[in-house]
Amino acid sequence: MALGRPATTSSREESEERLLVEAAQKNPARFIELYEKNFERVYAFAVRRVRNRDDAEDLTSEVFHKALAHLPDFDWRGVPFSAWLIRIASNLVHDHWKRTAREVIEQPPDQESGIDPEQIENSARLFRMLSHLPPDQRRVIELRFAEGKSVREIAQDMGRTEGAIKQLQFRGLENLRTRLSEKYGKA
């Protein structure tokens, strides 16, 4: 009896993902598994490009709405399902900036021709870690870095002094740095 090579982690994940896609194509109620698996990645991609949490949430929602609507047309070609979702997100971000440009003449930040999946994955990891921060630290980090607000704006929004906001930001970043080093062995 010949023994085959054990499946690698990536081929196992690819096969599991393919089964999830096929299950969702047969029964749209199973799409929730694909949604849960890819939400952070798509949201991180969107928020990095539109720099506004509300717009990023809307775009993320639209990505999954379009993906579900066009899931029967999806053909598995060995590329991760998340790549298809990111392509949809990229097109929606592009459309968003075209609409916004009509209203306000402004160039979209960080508009890139290529998509860096590793950077998207790192952003998704970071957003997952944010959920473990105390609420005030999380809010300051989100407003400061996801929405690009100044310390003064955040202080006004939260009814705190600028010094308190700087302290919350410092503590939040230290907590994230500690979690990163514990989980991934790097700071």
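The values are calculated or read from the model by the stated rules, or taken from the named source; none is laboratory data. Every value quoted in this text rests on a predicted model; they were computed, and no experiment measured them. Backbone-built Cβ (ideal geometry, glycine too); neighbour counts: all protein chains shown.
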Out of the residues in segment 105-120 that are part of a loop (DSSP other than H, G, I, E, B) and surrounded by 13 or more Cβ atoms within 10 Å (Cβ to Cβ), state the one that is modelled with the lowest pLDDT.
PRO108
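Quick check on my filter: what residues within segment 134-187 are among the hydrophobic types (A, V, I, L, M, F, W, C) and in contact (Cβ under 8 Å) with a residue 12 or more places away in the chain?
Listed by number, the residues that qualify are VAL140, ILE141, LEU143, ALA146, VAL151, ILE154, MET158, ILE165, LEU168, LEU173, LEU176, LEU180.
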Which one of GLU162, GLU174 is surrounded by 12 or more Cβ atoms within 10 Å (Cβ to Cβ) and not aromatic (Phe, Trp, Tyr)?
GLU162
Could you tell me how many of the residues in segment 121-144 are part of a helix (DSSP H, G or I), modelled with pLDDT of 75 or more and touching a helix residue (DSSP H, G or I) at 6+ places or on another chain (Cβ under 9 Å)?
12
Does at least one position in segment 52-59 carry a residue that is outside the structural domain of ARG144 (by TED's automatic domain parsing) and touching a Leu at 6+ places or on another chain (Cβ under 8 Å)?
yes
Can you tell me which residue in segment 65-88 is surrounded by the fewest Cβ atoms within 10 Å (Cβ to Cβ), limited to those that are among the aromatic types (Phe, Trp, Tyr) and more than 16 Å from ARG30 (Cα to Cα)?
TRP76
Filtering segment 26-53 for residues that are at pLDDT below 90 and polar (S, T, N, Q) leaves a count of 1
Go over the candidates ALA56, ALA69, ALA83 one by one and state the one that is in contact (Cβ under 8 Å) with a residue 40 or more places away in the chain, assigned to a helix (DSSP H, G or I), out of contact with any strand residue (DSSP E or B) (no Cβ under 7 Å at 6 or more places or on another chain) and among the small types (Gly, Ala, Ser).
ALA56
In segment 145-156, which residues are part of a helix (DSSP H, G or I), at pLDDT 80 or above and surrounded by 14 or more Cβ atoms within 10 Å (Cβ to Cβ)?
VAL151, GLU153, ILE154, ALA155
Members of segment 75-104 that are of a type in the set (A, V, I, L, M) and at pLDDT 80 or above:
VAL79, ALA83, LEU85, ILE86, ILE88, ALA89, LEU92, VAL93
For segment 16-38, what are the residues that are within 22 Å of ASN122 (Cβ to Cβ), touching a residue at least 12 places away in the same chain (Cβ under 8 Å) and surrounded by fewer than 18 Cβ atoms within 10 Å (Cβ to Cβ)?
TYR35, LYS37
